[in-house]
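Here the structure is laid out as structure tokens; the discussion comes afterwards.
The values are calculated or read from the model by the stated rules, or taken from the named source; none is laboratory data. This one's a predicted model, so the numbers in the text were calculated from it and none came from an experiment. Note that each Cβ is placed from the backbone with ideal geometry, even for glycine, and that neighbours are counted across all protein chains shown.
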Amino acid sequence: MLGEKLGEFQDKVTGRRILSAAASMLCLALVLFSIANVRAAELQILAGGAMTGPLTELATQFESASGHKLVFRFGTTPELIKLATTGGPFDLGIVPVDVMKDAAARVRFASGPTTNIARVGLGIAVRSGAHKPDIGTPDALKQTLLDANPSRPYRQARLVPRFCGCSKPLASARR
């Protein structure tokens, strides 16, 4: 039930908002680029991995309508910081706000305010029929994660301690 509601909310809010915001950004790039250059060109775009689906979908439509080719370099925040600072030129950045917090990366973008176009949410899903965990408070969520019997212990062993801000061994690592 929780997973279904989260999915519905994400589909309603995030999916449509990301798609329309990304479409707006690509249209803006097209308008600005067409003013500066009337020949077809390759537009280099840095983008967060969460934008892969919407931007890939829009790229096909954009390329058909404009004749321009979009070349995406998707990545995580640290990868995008590295690409922005050492990865060569790019025409557009659709990046997480943390990229803009890095001074070296920030200088590679036009000065001025940034526009937030999307958010990436995290959710917790529980298999149908499984016990519903207590996640009502930050401490309860932390304890639930520490006590979990994961299907992917390696991933949990690396991520959960960082998320929880603790060094306590996980239940799965103690077994």
Inset, instruction - With respect to Leu26, determine if the residue is farther than 30 Å from His131 by Cα and either modelled with pLDDT of 90 or more or surrounded by 15 or more Cβ atoms within 10 Å (Cβ to Cβ) (or both). - result: yes
Legend entry - Which numbered condition Leu92 fails, given (1) over 30 Å from Gly136 (Cβ atoms); (2) modelled with pLDDT under 90: (2)
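Looking only at the range 95-122, which residues are in a loop (DSSP other than H, G, I, E, B) and either surrounded by 11 or more Cβ atoms within 10 Å (Cβ to Cβ) or touching a residue at least 60 places away in the same chain (Cβ under 8 Å) (or both)?
Matches in the range 95-122: Val95, Pro96, Asp102, Arg108, Phe109, Thr114, Ile117, Ala118, Arg119, Val120, Gly121.
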Legend entry - Single residue of Leu58, Leu80, Leu70, Leu92 found to be surrounded by 16 or more Cβ atoms within 10 Å (Cβ to Cβ) and in contact (Cβ under 8 Å) with a residue 60 or more places away in the chain: Leu92
Legend entry - Total residues in the range 39-79, condition polar (S, T, N, Q) and part of a strand (DSSP E or B): 1
